[in-house]
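A short worksheet on the structure shown next.
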Amino acid sequence: CCRGRLDADRERAAVPVRRMRGEPLTIVRRVEGAADSHGNVQMVDGDTVTIDGCAWAPAAGSDVTENGRDGATVDATAYLPPGAAVGRRDVFVRGGHRYDVIGEPGVWRSKYRRREVGVVVSLSRSEG
């Protein structure tokens, strides 16, 4: 009864497991620049940082058809290695597109090992 199942388990165990290597993601740190003519502080690009070993997941976007505008929002989620520093003002660059950070980046913790597994960041950009 169990011999066939044990043999199958041994065969599966012999198959090498590939670990995801991830991809580098570029983050542009946004900093306060000079004020405009109305006294509003403008955000400008600061330092650029590249973080290796990241993962990228596209998310459902939405169409924008209001006030004569015909466009879309493109959403994504970035998964970064543990300890990666990301701020709400930062901008992610991937494939020539700039994505704004939405909300607060979150720390992803393993409930089994009780340690930080990585950082999760919700992102969005607009087209049109």
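Quick check, is A60 more than 12 Å from R125 (Cβ to Cβ), at pLDDT 90 or above and open to solvent by 30 Å² or more (accessible area, probe 1.4 Å)?
Criteria not met by A60.
Would you please list the contacts, defined by Cβ atoms under 7 Å and residues six or more apart or on different chains, that run from a residue in the stretch 32-57 that is within 13 Å of R94 (Cβ to Cβ) and assigned to a strand (DSSP E or B) to a residue that is open to solvent by 40 Å² or more (accessible area, probe 1.4 Å) and among the hydrophobic types (A, V, I, L, M, F, W, C)?
So the pair list comes out as A55/M20.
Please specify each residue of the stretch 93-128 satisfying the condition of being open to solvent by less than 40 Å² (accessible area, probe 1.4 Å) and touching a Lys or Arg at 6+ places or on another chain (Cβ under 7 Å).
The answer is Y99, V101, R125.
Taking the stretch 26-59, which residues are under 16 Å from the mean Cα position of the chain (by Cα), aliphatic (A, V, I, L, M) and more than 15 Å from D100 (Cβ to Cβ)?
Correct list: V49, I51, A55, A57.
Is it the case that the stretch 73-80 has a residue that's of a type in the set (V, I, T), part of a loop (DSSP other than H, G, I, E, B) and modelled with pLDDT of 90 or more?
no
Please work out which one of (1) at pLDDT below 95; (2) open to solvent by less than 80 Å² (accessible area, probe 1.4 Å); (3) not in a loop (DSSP other than H, G, I, E, B) is the condition E11 fails and give its number.
Of (1) at pLDDT below 95; (2) open to solvent by less than 80 Å² (accessible area, probe 1.4 Å); (3) not in a loop (DSSP other than H, G, I, E, B), only one is false for E11: (2).
Can you pull out every residue in the stretch 98-128 that is under 24 Å from V31 (Cβ atoms) and either without any contact (Cβ under 8 Å) to a residue 12 or more places away in the chain or more than 13 Å from the chain's Cα centre (by Cα) (or both)?
Within the stretch 98-128, S126 is the sole residue that qualifies.
The values are calculated or read from the model by the stated rules, or taken from the named source; none is laboratory data. Note that the structure is a prediction, hence the values are computed from the model and not measured. As a convention, Cβ positions derive from the backbone with ideal geometry for all residues, glycine included, and neighbour counts pool all protein chains shown. Quick note on the areas: whole protein, heavy atoms, side chains included, nothing else; ligands and nucleic acids left out. Shrake-Rupley method; radii C 1.70, N 1.55, O 1.52, S 1.80 Å.
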